[in-house]
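A quick write-up on the structure given underneath.
The values are calculated or read from the model by the stated rules, or taken from the named source; none is laboratory data. Everything numeric here is computed off the predicted structure, so don't read it as measured data. For neighbour counting, all protein chains shown are included, and Cβ atoms are generated from backbone atoms with ideal geometry for every residue, glycine included.
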Amino acid sequence: MILNHPDSLPVLESYVKDVMTTFKNDDRILLWDLYNEPGNNQYFGKSLPLLKAVFSWARAVNPSQPISAGVWNWDDKFTELNKFQEENSDVITYHNYRYIDNHEQRIKDLRKYNRPLICTEYMARRNGSLFQTIMPMLKRENVGAINWGFVAGKTNTIYAWGTPMPDGKEPELWFHDIFRQDGTPFSEDEVSKIKALTGKK
């Protein structure tokens, strides 16, 4: 963290500008997500200087693609961070692992900025955030969505955060991911619903 290692700021600036300059006109880049979950690990507002810095570096590069940093926590301790992210992102990105009612309300709250919305993290079965409910709602609301898990593997996202399985046994209810490594789905119903929504057979 910058507060602990302020001498790393020039290194980070050089890195960010180098990568973004190299790919600033590359049509394979949809969007630059500059900072994942600012304020996490109980840094809260201490993350704001780095957040502001990375947006400044990105603007200096002036890429052809939009820039963003996803809003992920609506606790009062994140108010200042969220305001900066929402006001300075070309496309507003966000995380939501909650039930559909909560997710719909977040979308309504973010619409006031009149910018495109992409949900960059969602779907946690144990939280009631399911493909069968969330995907149709996002499609109806014209909100983009990124599912960060696909095949069960080394990232271990079939397990919920903070619930280690020492023996590696497959949990009865997967937290995330869709397929086992042999190609069989965790849920046939999920797969059929996803295919129906995307028009795939």
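Just a few scattered comments:
- The set of residues in region 112-147 that are more than 17 Å from Thr198 (Cα to Cα), out of contact with any helix residue (DSSP H, G or I) (no Cβ under 7 Å at 6 or more places or on another chain) and part of a loop (DSSP other than H, G, I, E, B) comprises Asn114, Arg115, Pro116, Gly128.
- Count of region 70-100 residues which are in the same structural domain as Lys46 (by TED's automatic domain parsing), assigned to a helix (DSSP H, G or I) and among the aliphatic types (A, V, I, L, M): 1
- The residue list Asn114, Asn142, Asn127 contains one member that is loosely packed, with under 15 Cβ neighbours inside 10 Å, polar (S, T, N, Q) and farther than 29 Å from Leu50 by Cα, which is Asn142.
- Residue match in region 101-109 (condition: in a helix (DSSP H, G or I), in contact with a helix residue (DSSP H, G or I) (Cβ under 6 Å, 6 or more places away or on another chain), charged (D, E, K, R) and under 30 Å from Ala53 (Cα atoms)): no
- Boolean, Trp148 is outside the structural domain of Asp75 (by TED's automatic domain parsing), surrounded by 15 or more Cβ atoms within 10 Å (Cβ to Cβ) and within 24 Å of Trp72 (Cα to Cα): no
- Selection from region 154-190 of residues that are of a type outside the set (Phe, Trp, Tyr) and outside any loop (DSSP other than H, G, I, E, B): Pro185, Glu188, Asp189, Glu190
- Residue tally, condition buried (at least 19 other Cβ atoms within 10 Å of the Cβ), closer than 19 Å to Asn102 by Cβ and out of contact with any Gly (no Cβ under 8 Å at 6 or more places or on another chain), over region 58-85: 4
- Filtered residues of region 23-67 (kept if among the polar types (S, T, N, Q) and either touching a Lys or Arg at 6+ places or on another chain (Cβ under 8 Å) or not in a helix (DSSP H, G or I) (or both)): Asn25, Asn36, Asn40, Asn41, Gln42, Asn62, Ser64, Gln65
- Test: residue in region 191-198 that is of a type in the set (A, V, I, L, M, F, W, C), on the phi < 0 side of the Ramachandran plot, in a helix (DSSP H, G or I) and touching a residue at least 24 places away in the same chain (Cβ under 8 Å): yes
- Once region 143-166 is narrowed to residues that are in contact with a strand residue (DSSP E or B) (Cβ under 8 Å, 6 or more places away or on another chain) and not aliphatic (A, V, I, L, M), the residue that is modelled with the lowest pLDDT is Trp148.
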